[in-house]
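Working notes, beginning with the structure itself.
Just so it is clear, none of the values below were taken in a lab; they were calculated from the coordinates. Everything quoted here is computed from the prediction, not taken from an experiment. Here the Cβ positions follow ideal geometry from the backbone for every residue, glycine too, while neighbour counts run over all protein chains shown.
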There are 4 protein chains.
Amino acid sequence: MKKINVAIVGASGYSGEELLRLLQRHEHCELKVITSRQYAGQPLEKAMPRFIGSDLSFSAPDIEQIIATCDVAFLALPHGLAAEYALPLAKSGVIVIDISADFRLKSPARYKEYYQADHPAPELLSTVVYGLPERYRAAIKNANIIACPGCYPTSAILPCAPLLATGLVSPQGIAVVSMSGVTGAGRKVDLPYLFPECNESLRAYKPFGHRHLPEIEQELAFAAGIDAVNINFIPHLVPVSRGINSTILLNAESGCTLERIAEVYHQAYDNDPFVRVLAPGSCSDTKYVTMTNFCDIGFNLDLHTGKVILTGAIDNLTKGASGQAIQDMNIRFGLPETSGLL
Amino acid sequence: MKKINVAIVGASGYSGEELLRLLQRHEHCELKVITSRQYAGQPLEKAMPRFIGSDLSFSAPDIEQIIATCDVAFLALPHGLAAEYALPLAKSGVIVIDISADFRLKSPARYKEYYQADHPAPELLSTVVYGLPERYRAAIKNANIIACPGCYPTSAILPCAPLLATGLVSPQGIAVVSMSGVTGAGRKVDLPYLFPECNESLRAYKPFGHRHLPEIEQELAFAAGIDAVNINFIPHLVPVSRGINSTILLNAESGCTLERIAEVYHQAYDNDPFVRVLAPGSCSDTKYVTMTNFCDIGFNLDLHTGKVILTGAIDNLTKGASGQAIQDMNIRFGLPETSGLL
Amino acid sequence: MKKINVAIVGASGYSGEELLRLLQRHEHCELKVITSRQYAGQPLEKAMPRFIGSDLSFSAPDIEQIIATCDVAFLALPHGLAAEYALPLAKSGVIVIDISADFRLKSPARYKEYYQADHPAPELLSTVVYGLPERYRAAIKNANIIACPGCYPTSAILPCAPLLATGLVSPQGIAVVSMSGVTGAGRKVDLPYLFPECNESLRAYKPFGHRHLPEIEQELAFAAGIDAVNINFIPHLVPVSRGINSTILLNAESGCTLERIAEVYHQAYDNDPFVRVLAPGSCSDTKYVTMTNFCDIGFNLDLHTGKVILTGAIDNLTKGASGQAIQDMNIRFGLPETSGLL
Amino acid sequence: MKKINVAIVGASGYSGEELLRLLQRHEHCELKVITSRQYAGQPLEKAMPRFIGSDLSFSAPDIEQIIATCDVAFLALPHGLAAEYALPLAKSGVIVIDISADFRLKSPARYKEYYQADHPAPELLSTVVYGLPERYRAAIKNANIIACPGCYPTSAILPCAPLLATGLVSPQGIAVVSMSGVTGAGRKVDLPYLFPECNESLRAYKPFGHRHLPEIEQELAFAAGIDAVNINFIPHLVPVSRGINSTILLNAESGCTLERIAEVYHQAYDNDPFVRVLAPGSCSDTKYVTMTNFCDIGFNLDLHTGKVILTGAIDNLTKGASGQAIQDMNIRFGLPETSGLL
């Protein structure tokens, strides 16, 4: 079988590093180009000692080179910049899997509201597919630009969507309270992310208006089949390297029982290799999913308040970013969905 | 000034250790008796190497000895057992400051519901004072048995109570989502609390029906001036040693603004030495309160959903247990409230 | 290709869990039997939620069943007990890969000195092969009982042995100072391993006489070609879950330079897939090897004191236990040495 | 009693923050001036939320202002810069307690060798006192410039010095292997100190030639009464916020027994309030000294190799920097040595 030739554009951050880690052992891929402005010209093993022994080297990003040599390009770039690469690459037939936020929102107005800039390529939005395989597998098969979901949204949408779709819970009054490990902030050299500032620290940040909020709202509205939902999304930074746990409160609708929830989940996810639904009444634990592409879902029903309480756990760098991107690639190229991910 | 003679009953857990740490340097106290069944007969410095150089020794608990030598007894015992000590001690004039859960709930029925046992001393409940100084300072001054609040409740009640009392927020639909360090589980030698089981782990547990739930509900109902409130309380275990952060969602009532919240807090807490209200729009961070008796309160208003989002941070062993107990003692014995706590 | 049928005896500890994680995705293996007294009868996914979705179940250990169904048995048992299984299994033709300490020492006398018991099967010692592939690959190919090296010894022997063999360093005066993550203590439910006892803690333990000492001494003596060496081995417990770093001081012999050390290492390890020699003057970092089977080796030369300073980093559960065991199996069964390990 | 008026010059790092924490509750001190170029003009509570409620503000450093208002100035500045302040302040009668490295080495040549710059004020070196109270208490009483020891040196010198002074151990062949928490790197916003780069990481760095090496060698030579010693000093970075543990190997001289070591220590340290000598055969644990000014010393004798194995544990920010500086101030100003430190 011919190998897929792969480019990683912007490979020097934590998502890029995770792409490298996973693609290196992906039997159907060959890493052709890995770019980094910061490390251009440096051997990978020098810039990232995790990869000692690798014979790859970073190059400066060069769109023509990628077009000439690659079948697929993963963009692990800051938002705004990703679109600049996506357009020419996609035009030339390179499949684009974008890990940035540039193409996640369908509405340019929402993009502008949350990213304080005009959308860089609004004309592409209608053709882009939101790369959450469990929701959009069929469309991913034919997509030319795939917008990889954000980490927090993945941990919230997977637990909520099937219940909203069946009406077991209300789209009104949803609260997503999430905790993230520090790699979620990227390899950002900034005071709040120093070890002594994060260790033994628990803190909410951006308790409303976080950039992942409109993405979650968009997908929950789609799932519920309504125009819009307004939710609370409150992220927290906690001292782990990897892992997100989202705890989600939703209003149970009449007829909602643990048994019904279990049925709905099993119907939704029994054929999904990376979603694991826990036993009724359990809660997810990030330590069981870190370094994997799994999303674990726990569910509880609090009769005292009429709330369904969901928990979703993922590794923010794997199912929350690079693993999911590879899952998308596998689907797009007709490979087994789990290739390189187990 | 004559020193207060102090007993710590059940000093071998984390709360007991914190009492020892704080009382050792309390200028108005003398530790007369420290008991532990497990360590009876052992020098403190041997059982707890943090106290190398101390000449204290653990003894087996002996009520008569405490009555004969002490003015105050801190009970750091499992629930159920604490009441057995409280009764005879209080009868003999020893002031009892109970860190267990035995006297926190005013309703024996609620106690039975959550602790699966008849209340051990229902006849005392009416005279016991709930030892949250910021709410019950006057009563603490004359109390003979003081029930120290639980750690989670402290982090939730202090942020919520003043807003409920003024009607800026509704008592309906409150959700308290809390994260706790592992000392919150006590010095319990059990698999889930091993380092490798907690490190790099984020997990909700007891997402409804936790024993601190009725305590929070009781105090929020008192604050709101109504009979009962039903809330969600969802605790999480996260890999820090010390610290609780509670993030609380409440429905804003009309007229609720950041300015009004700030006013209410300043009115409520300006004279309280251990409550620190952050600037509007800020979130608390446990690292600024660990190893202190402070409770930091942050507040936000999400106009998009009409929610007030509060954050409360404490050290679970200090303001959440032993520090608060000493604050209660200071009040009860007419000492400066901050003695031994700054 | 016919799959190798595998038993894991004593699969409920951290080494057992790591064997399960690795063997589950090993394309040439089939897990036939996993035993645990504690979890016998329980589905794996219930006892260890990391494996949700697995259809394996724990059984009580049954030697006959293993003989009837398996080609290889990994023993992840306490020392003393392992030998009881090794003997009948090996006799019946099941290849035994023992992760315990029972067969690591060639000398029953040394075993007795350090394990306070007579060696359980001294007659087997001469036929057992010490399962460090980089030193004993040829013998492993034909071994029926393979004694997997200890975690600390692996991190110390791999850096030291080639230099001792060539005489670049002296066998006299070696000091191995090691730091280990807490999984190194096993899944032992004991006070010193609780999260709050390990977090924010740095401590040496057993600064002489640790059970891994005679094992290191044995192998360093073999490498140096002398009867015995006396070394210092000082282990420390530090708050990471996985990872060992050993920092080793050795006396440089005349002619020892960084260049010569590099040459010796490259000659020794260039064909070893799991040993990575860092650039001269570098130090290893466990975070680049955790969750891998690599051993990273750094080397420095301090002219000021005439010491060679080596650092060796491994994941204690992978290269330090279960990964190495699988590497041994791969070699023994003629598979590519890296099968299931990249 | 008149309060001592205090300046902290360069208060924005971790040592400065620890000085602020400790001096705020020091009953005999008044913080008059706290300087920071970075935060000049900002309220302390805004720049460092740990100090919410404080009415202090940072100012730009102004030597004249300090001279006009302060009795003592703590310099928490980068090396090189500290000397620029020390000279004019000391001349004007302000007692200088320097936490930087500028005055620790008696030899300008050694300074130049390790700091790659000419010593900024060699003429002062003879009058400066090395601020390790347990060694130089008498001189500190009259010093005008006190050079606070480095963190690593404190943890190494206190265990070694008395044994060297009595000849129980040899000054030849000493190896100091240390582990430090990440605050030891200062509040340096640099990639290697990000949480995900430190968490789950164990690594040696600067395995020879570290700037604390000549300081340790100087003091051990003084203790041994010889001109010079050459030692190995190998620091490691480990994932704790605070704490240093040094494990030290020394050659036992004849007559060296655990009993003799204990005697020597008790003679040396029985009157020192901040040195705690553990029971023979014990090892120190940083968790028992963090947030305190204690240095815990453990000692072992390995007859197998003839090595004395010492362990010394301190909090790098307290006994390793700011606590020790305050201890020096207490001594210099005739206060009880433990003022503000228990």
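Tell me, what HN-Hα J-couplings in whole Hz come from the Karplus equation 6.51 cos²θ - 1.76 cosθ + 1.60 at θ = phi - 60° for each residue of region C:171-177, using x for Gly and Pro?
So the Karplus estimates, Gly and Pro as x, are x, 8, x, 6, 10, 10, 10 Hz.
Determine the shape class of the protein assembly as shown: with a ≥ b ≥ c the square roots of the Cα gyration tensor eigenvalues, call it rounded for a/c under 1.5, and otherwise prolate if a/b is greater than b/c, oblate otherwise.
Rounded is the answer for the protein assembly as shown, as its axis ratio a/c remains below 1.5.
So what is the calculated 222 nm ellipticity per residue for chain C, using -39500 (n - 2.57) for each DSSP H run with n of 4 or more, over all residues, to the nearest 500 deg cm²/dmol?
Taken over chain C, the calculation gives -8500 deg cm²/dmol.
Axis carrying C onto B: which residue of C has the nearest Cβ, and how far, whole Å?
C:Phe195, 2
Using a 7 Å offset from the Cα along the Cα-to-Cβ direction at both B:Ala165 and A:Ser107, what is the distance between the two label points in nm, to one decimal?
4.1 nm
With a/c under 1.5 counting as rounded, go ahead and sort region D:85-140 into rounded, prolate or oblate using the C-alpha gyration tensor (a ≥ b ≥ c being the square roots of the eigenvalues; past the cut-off, prolate if a/b is larger than b/c, else oblate).
Because a/c hits 1.5 or more and a/b fails to exceed b/c, region D:85-140 counts as oblate.
Assigning unit charges at the beta carbon (Lys, Arg +1; Asp, Glu -1) and nothing else, what dipole magnitude in debye, to the nearest 20, does chain D show about its Cα centre?
320 debye
Using only atoms on other chains, find how many Cβ atoms lie within 10 Å of each Cβ of peptide B:38-50 and report the average.
2
Where both residues lie in the protein assembly as shown, what percent of DSSP beta bridges are antiparallel, nearest 5?
Looking only at bridges with both residues in the protein assembly as shown, the antiparallel portion is about 45 percent.
Please compute the modelled spin-label separation between C:Lys3 and B:Leu303, points set 7 Å along Cα→Cβ, answer in nm with one decimal.
6.1 nm
Over all residues in A:235-244, what is the mean tally of Cβ atoms on other chains that come within 10 Å of each residue's Cβ?
Other-chain Cβ atoms within 10 Å of each residue's Cβ, averaged: 6.
What does the charge count near C:Val238 come to, summing +1 for each Lys or Arg and -1 for each Asp or Glu among other residues with Cβ under 12 Å from its Cβ?
Neighbourhood net charge equals +1.
Can you give the net charge of the other residues whose Cβ lies under 11 Å from the Cβ of B:Pro133, counting K and R as +1 and D and E as -1?
+1
Within chain D, what percent of beta bridges assigned by DSSP are antiparallel, to the nearest 5?
Bridges in chain D are about 45 percent antiparallel.
P(r) for region B:152-316: what percent of alpha-carbon pairs falls in each 5 Å bin, starting at zero?
Pair shares across the bins are 2, 9, 18, 22, 20, 15, 8, 4, 2, 0.
Could you tally up the Lys pairs in region C:12-121 with alpha carbons closer than 28 Å? Skip any pair fewer than 8 positions apart unless they're on separate chains.
Step by step, the pairs that qualify in region C:12-121 add up to 4.
Averaged across B:275-287, how many Cβ atoms of other chains sit within 10 Å of each residue's Cβ atom?
Whole-number average of other-chain Cβ neighbours for B:275-287 is 5.
For region C:152-316, what proportion of DSSP beta bridges, expressed in % and rounded to the nearest 5, is antiparallel?
Counting only bridges with both partners in region C:152-316, antiparallel ones make up about 75 percent.
Could you tell me whether region C:106-206 comes out rounded, prolate or oblate from its Cα gyration tensor? Rule is a ≥ b ≥ c as square roots of the eigenvalues, rounded for a/c under 1.5, then prolate if a/b exceeds b/c, otherwise oblate.
Oblate, because a/c is 1.5 or more while a/b does not exceed b/c.
Where in region B:319-342 is the amide nitrogen less than 19 Å from a point lying 7 Å along the Cα-to-Cβ axis of B:Leu81?
Counting backbone N atoms under 19 Å from the label point, the list is B:321-322.
What net charge is computed for the residues neighbouring A:Ala228, neighbours being all others with C-beta under 15 Å from the C-beta of A:Ala228, Lys and Arg scored +1, Asp and Glu -1?
Net of charged neighbours comes to -3.
Hey, how many Å between the Cα centroid of region B:50-97 and the Cα centroid of region D:23-83?
44 Å
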